[in-house]
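Some notes on the structure that comes next.
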Amino acid sequence: MTERKTKLTIRGLTKRYGAATALDHVDLDLTDGEFLTMLGPSGSGKTTLLWSVAGLNHPDGGKIWIDGRDATSVPASGRDIGMVFQNYALFPHLSVSENISFPLEMRKVSPRDRSLAITRALEMVKLEHVGDRFCDQLSGGQQQRIALARAFVANPSIILMDEPLGALDKKLRDHLQLEIKRLHERLGMTVLYVTHDQEEAMVMSDRICLMNQGRIEQIGTPDELYFQPKSLFAADFLGEANLIPSRITGEEAGCLIVELLGMGTVRTRSTPPRPNGPNVVHFTRPESIAIQADAENKANRLYGHVSEVVVSGAITKLFVHVGDALMKISLLTSVSQRVREGERITIGWDDDVGRVLSRSQKEAA
Ligand SMILES: Nc1ncnc2c1ncn2[C@@H]1O[C@H](COP(=O)(O)OP(=O)(O)OP(=O)(O)O)[C@@H](O)[C@H]1O
Ligand SMILES: [Mg+2]
């Protein structure tokens, strides 16, 4: 396999607004053709990072390289970048075709090639018939597709998308998610994407970058972020988790012996970062826990009473009282074995699915 080249390199990127630090020494590398999604709470710096890469703001520190060239001081128009933002303003006084033509004109593409590229771009987003309309004669979803076409048309080396589907209804969002994914697979450009929708991030991305207060909290594949969070913040931010106050009481054969306070003792593979001190939080995902016969051969087994059964289509959620704590368990309805509320059940999980996390950010540092 050939090593993919690096498309974008960011080192020490810092951006302040008055006393507020929007980006705090961010380091990030994107390989050519990668789809990377930024996730994080409101105000964590996602948009600021995209604007810095686009050249739309002026960083207070750090450097950005695109294709190995220092782009830190290159103006937006000199960077080979396409952009789609939430409610991104198409030019209302121009027709759809003129809008899509804009990045081509900026790049001084000949009129003949422009016309071909516009036709192809409109076909790509299945809006061949609207080229002559003005943008304000299109629905919100159609406008967003035109914005996509405009971002892709000049085949830029990087495409930045800031919540491009945020304002759309679920059905259109699902459809455009697929469309963007297909375009990315077909055209192979590098994508830096922002969304608030965790599912969207998991479905679309090669890697997810989780931001917290202007810093990268964790970066990795969707699977790594979901099942192997490195901090309480990451565990808590993505999806649902069982987070149980716990104490490390020993270590044996690569496993930590962990007392889940008020629940019982389990073994958990020791993985970095190792928390300082014995007081920790034990993490499992609801879907990592088995019940009844499936739990019997697991390294960790506990016993509890079912307090609530919630069937929502293909997934059944159980809330199980184990000692003083309530564990959430998520099962396929087809294997949930029709447990009933009040029933005593065995729950279990392997020693490599739980994780031990520092109780506070400070301890983890
Ligand atoms: N033009 C600006 N002037 C002053 N402060 C700003 C400006 N733009 C952003 N900020 C601040 O910088 C921080 C990061 O903002 P940013 O827009 O990057 O967050 P975000 O992660 O994109 O949030 P959201 O999910 O709400 O879009 C916030 O504290 C924000 O208030
Ligand atoms: Mg934003």
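Bear in mind these aren't lab numbers, they're just calculated from the coordinates by the rules spelled out. Values in this document were obtained by computation on a predicted structure and should not be read as measured data. Cβ sites come from the backbone with ideal geometry, for glycine too, and all protein chains shown count toward neighbours.
Structure notes:
- Top of SER73, SER334, SER246 by mean-square fluctuation, Gaussian network on the chain, Cα under 10 Å: SER334
- Net charge, GLU252 excluded, C-beta distance under 13 Å - Lys, Arg +1, Asp, Glu -1: 0
- Per residue of the chain, the DSSP helices (runs of n ≥ 4 H) give a summed -39500 (n - 2.57) that works out to -7000 deg cm²/dmol at 222 nm.
- Projected label distance in nm at ARG186 and SER312, using a 7 Å step from Cα toward the beta-carbon: 3.4
- Global geometry of segment 200-349, whether rounded, prolate or oblate, following the gyration tensor of its Cα atoms and the 1.5 cut on a/c: oblate
- Eligible lysines near LYS15 by straight Cα distance, threshold 29 Å, same-chain separation 8 or greater: LYS5, LYS7, LYS46, LYS63, LYS230, LYS362
- Residue order, fewest to most surrounding Cβ atoms within 10 angstrom, among LEU357, LEU183, LEU23: LEU183, LEU357, LEU23
- Beta bridges by DSSP in segment 6-232, antiparallel share as percent, to the nearest 5: 55
- Segment 59-215: C-alpha gyration tensor shape, a/c 1.5 cut-off, then a/b vs b/c: oblate
- Centroid-to-centroid separation of segment 10-44 and segment 234-277 [C-alpha atoms, Å]: 30
- Note on the chain: GNM, Cα springs under 10 Å; of ARG344, ARG285, ARG145, the largest mean-square fluctuation is that of ARG344.
- Three principal axis lengths of the chain [C-alpha, angstrom, descending]: 73, 45, 45
- Separation of alpha-carbon centers, segment 139-166 and segment 204-218, rounded to whole Å: 22
- Close amide-amide hydrogen proximity is noted between PHE85 and ASP162, each under 5 Å apart and 5 or more residues distant or on a separate chain (H modeled in the peptide plane; Pro and chain starts excluded).
- Low-density loop cleavage sites - trypsin sites (Lys or Arg not before Pro) in segment 1-50, where at most 12 other Cβ are within 10 Å (DSSP): ARG4, LYS5
- Distance (nanometres) between label positions extended 7 Å along Cα→Cβ at LYS108 and GLU251: 6.3
- Gaussian network model of the chain, Cα within-10 Å springs - most flexible of ALA299, ALA22, ALA151: ALA299
- VAL84 sits among other residues whose Cβ lies under 13 Å from its own Cβ, and their net charge, with Lys and Arg +1 and Asp and Glu -1, is -1.
- Normalised by the number of residues in the chain, the mean separation of alpha-carbon contacts (under 8 Å, six or more apart) gives a relative contact order of 15 percent.
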